[in-house]
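Right, one structure below, let's go through it.
The values are calculated or read from the model by the stated rules, or taken from the named source; none is laboratory data. In this text, all values refer to a predicted model and were calculated from it rather than measured experimentally. Note that each Cβ is placed from the backbone with ideal geometry, even for glycine, and that neighbours are counted across all protein chains shown.
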Amino acid sequence: MTDIPGPIVIRDEVFSAVRECVAESLMIEPAQVALASRLIDDLGADSLDFVDIVFQLERALDVQVRGSEFEWLTRLDFSSPEVMQGGFLTDAVVDRLGTWLPALATVEDRAKITPRTLFSLITVEAMCLVAQRRIDERAAAR
């Protein structure tokens, strides 16, 4: 994963595509999907829904997001001392997640983030940020 050089602006068409993919995967109305919607806690997504949303996003936006922050997140070894200490995510992991997971800013004590807390913080905005970053990287490579 690369560091974000500056704030990413989510374009309307990216949000619209993410909203449609999330709504279709979860069989809900697109109007129910907002940037701040948490995929698990607010919209009722599970891990299979998450995978489906990612595949749909790749098709809808013609970008590769599987090798992105989402894959890194799903491959975290929560038994590793580099990832977890005392039942909580390490500062290094939280810092890395903070580059694409804006909802982390709402957590009062960043030293007390559990895996459950982490997954509950994945929002539509986070999905948009990852997709927008991939679109921007593709455009810069041209």
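Summary of values
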| quantity | calculated |
| --- | --- |
| Residue 21, sole failed condition from (1) under 23 Å from residue 141 (Cβ atoms); (2) surrounded by 18 or more Cβ atoms within 10 Å (Cβ to Cβ); (3) at pLDDT 90 or above; (4) not aromatic (Phe, Trp, Tyr) | (1) |
| Qualifying helices (runs of 4 or more DSSP H) (wholly inside region 41-142; at least 2 residues being of a type in the set (Ser, Thr, Tyr), out of contact with any Phe, Trp or Tyr (no Cβ under 7 Å at 6 or more places or on another chain) and under 24 Å from residue 27 (Cα atoms)) | none |
| Selection within region 113-142 - under 13 Å from the mean Cα position of the chain (by Cα) and of a type in the set (D, E, K, R) | 125, 133, 134 |
| Check on residue 88, of a type in the set (Phe, Trp, Tyr), crowded, with 20+ Cβ neighbours inside 10 Å and out of contact with any Pro (no Cβ under 7 Å at 6 or more places or on another chain) | no |
| Residue in region 51-70 that is aliphatic (A, V, I, L, M), surrounded by fewer than 17 Cβ atoms within 10 Å (Cβ to Cβ) and over 20 Å from residue 131 (Cβ atoms) present | no |
| Region 108-142 - residue that is β-branched (Val, Ile, Thr) and surrounded by fewer than 16 Cβ atoms within 10 Å (Cβ to Cβ) and, of those, modelled with the lowest pLDDT | 117 |
| Close pairs from region 25-36: first outside any loop (DSSP other than H, G, I, E, B), partner of a type in the set (Lys, Arg) and surrounded by 13 or more Cβ atoms within 10 Å (Cβ to Cβ), Cβ under 6 Å, at least 6 apart | 30/19 |
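For (1) among the basic types (Lys, Arg); (2) within 26 Å of residue 10 (Cα to Cα); (3) in contact (Cβ under 8 Å) with a residue 12 or more places away in the chain; (4) in contact with a Gly (Cβ under 6 Å, 6 or more places away or on another chain), each residue gets a yes or a no:
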site	(1), (2), (3), (4)
53	no, yes, yes, no
82	no, no, no, no
116	yes, no, no, no
126	no, yes, yes, no
